[in-house]
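Reading through the structure tokens given below for one structure.
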Amino acid sequence: MRHSFSYEIRNQPTALQCLKQELDSTLSTKLKGFDVRATVLLVIDELVSNLLKYGFSVESDQRSYLKIEFEDDWLEIEMKDNGHPFNPLVQAEPTSLGQRLSDRPVGGLGLYLVLKMMDETHYDWIQPWNCLRLRKKLKKTLNDREN
């Protein structure tokens, strides 16, 4: 069964919190499995928090469009924003991966981990939009199957 959800994210201080509440509510009613909901919430939290912190400037007309689709065994997340041009797929692997957790600097791992979780990643710059598409093959568990 196909599920599709779309959201607009404005450059506002409360944008992430509002999105997470709406997304969690929507996914809780549409999806039975906790694993899929947790994956979506983690990925969206990382992408949107980075966008709000680093991608947008002070212009209030900056925004992002988020589309989440589930079809059969695939999760697809598309995010389009008019923030600063940024291709997350060409970022260097964090140098702190081999260090002990206590020796690592704070930050820099979230986006790397999100991208590693995905099976397919694609980025385009179509002025003035950053366009990111992430796909993940979903494993069905007993909790994920609809009754």
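The values are calculated or read from the model by the stated rules, or taken from the named source; none is laboratory data. Worth saying up front: this structure is predicted, and the values here are computed from it rather than measured. So basically every Cβ, Gly included, is an ideal-geometry build from the backbone, and we count neighbours across all protein chains shown. Surface areas here come from the heavy atoms of the whole protein model, side chains and all, with no ligands, DNA or RNA. Shrake-Rupley method; radii C 1.70, N 1.55, O 1.52, S 1.80 Å.
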Task: Helix runs (DSSP H) in the chain reaching 15 Å along axis by Cα, Kyte-Doolittle at least 0.5 - done: 34-50
Task: Heavy atoms of ARG63: accessible area, 1.4 Å probe, square angstrom to 10 - done: 60
Task: Solvent-accessible surface (1.4 angstrom probe) belonging to SER6, in square angstrom, nearest 10 - done: 90
Task: Rough spin-label spacing in nm, given labels placed 7 Å along Cα→Cβ, for LYS80 and ILE126 - done: 0.5
TODO: Calculate the length of the line joining the C-alpha centroid of the stretch 1-48 to that of the stretch 111-126, in whole Å.
DONE: 17
Open item on the list: Keeping every protein chain present and rolling a 1.4 Å probe, give me the accessible area per residue for the stretch 10-106 in Å².
Closed with: 60
Task: Calculated semi-axes √(5λ) of the Cα gyration tensor in Å (choose from (1) 28, 17, 16; (2) 25, 21, 15; (3) 39, 17, 11), label - done: (2)
Task: Net charge, LEU42 excluded, C-beta distance under 15 Å - Lys, Arg +1, Asp, Glu -1 - done: 0
TODO: Could you sort out which of LYS67/LYS137; LYS53/LYS116; LYS30/LYS116; LYS116/LYS139; LYS30/LYS53; LYS20/LYS139 sit more than 19 Å apart by Cα distance in this structure?
DONE: LYS53/LYS116; LYS30/LYS116; LYS30/LYS53; LYS20/LYS139
TODO: Restricting things to alpha carbons, tell me how big the stretch 4-45 is in terms of Rg and Dmax, in Å.
DONE: 10.5, 31
